[in-house]
Amino acid sequence: MFKVLLVLLSLGAISTTGLAQSTSGSVPTATAAANPSPADVEAYIKAQTVKGGELDFSQMLATRKQSMFLHQGAMYNKQEYALVLWGMRAKALGVPTADKACALFAAANNRPISNAEKQALTSGFDSGTRE
């Protein structure tokens, strides 16, 4: 049983930064146009969070065989992990706080954000590369 857990953890231990900001492989990447000026960040996030947009990490993860993802010691399913990646990307785009990122996500989806969604998104935001 322990060996199975180790294998699952090693399979899930892919680089989360690589998925959110990768420039190679089959993972869609942000283009130069996807790095808007600070004044346009909110509009860009709202426009690209829609299904099929550059911030639709659910669609990107849908093609992966892997069903669980490890991020900072926590396991996430595809839907939750998409929010982790979304939070990382929001921080990379210059969103100043996790609360602001959660508000942007809620506004982009025209619905309130659940506690579980907020936890996953905040986890990604707090682990993002920019401080």
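Every read-out reported here was derived from the displayed coordinates using simple, explicitly stated rules and does not represent laboratory data. Computed from a prediction, not measured in an experiment: that's the story for all the values here. Here the Cβ is made from the backbone with ideal geometry for all residues, glycine too, and neighbour counts use every protein chain on show.
Of note:
- Checklist (1) under 22 Å from ALA47 (Cα atoms); (2) surrounded by 14 or more Cβ atoms within 10 Å (Cβ to Cβ) applied to MET68, failing item: (1)
- For the range 55-73, filtering for residues that are touching a Lys or Arg at 6+ places or on another chain (Cβ under 9 Å) and of a type in the set (Lys, Arg) leaves 1.
- Per the conditions (1) surrounded by 13 or more Cβ atoms within 10 Å (Cβ to Cβ); (2) among the small types (Gly, Ala, Ser); (3) within 20 Å of PRO36 (Cβ to Cβ), the sole criterion not satisfied by GLY52 is (1).
- Within the range 102-118, being free of Cβ contacts under 8 Å to residues at least 24 places away in the same chain and either surrounded by fewer than 17 Cβ atoms within 10 Å (Cβ to Cβ) or touching a strand residue (DSSP E or B) at 6+ places or on another chain (Cβ under 6 Å) (or both) holds for ALA103, ALA106, ASN110, ARG111, PRO112, SER114, ASN115.
- Among the candidates ALA116, ALA90, ALA103, ALA120, residue that is over 16 Å from LYS51 (Cα atoms), part of a helix (DSSP H, G or I) and out of contact with any helix residue (DSSP H, G or I) (no Cβ under 9 Å at 6 or more places or on another chain): ALA103
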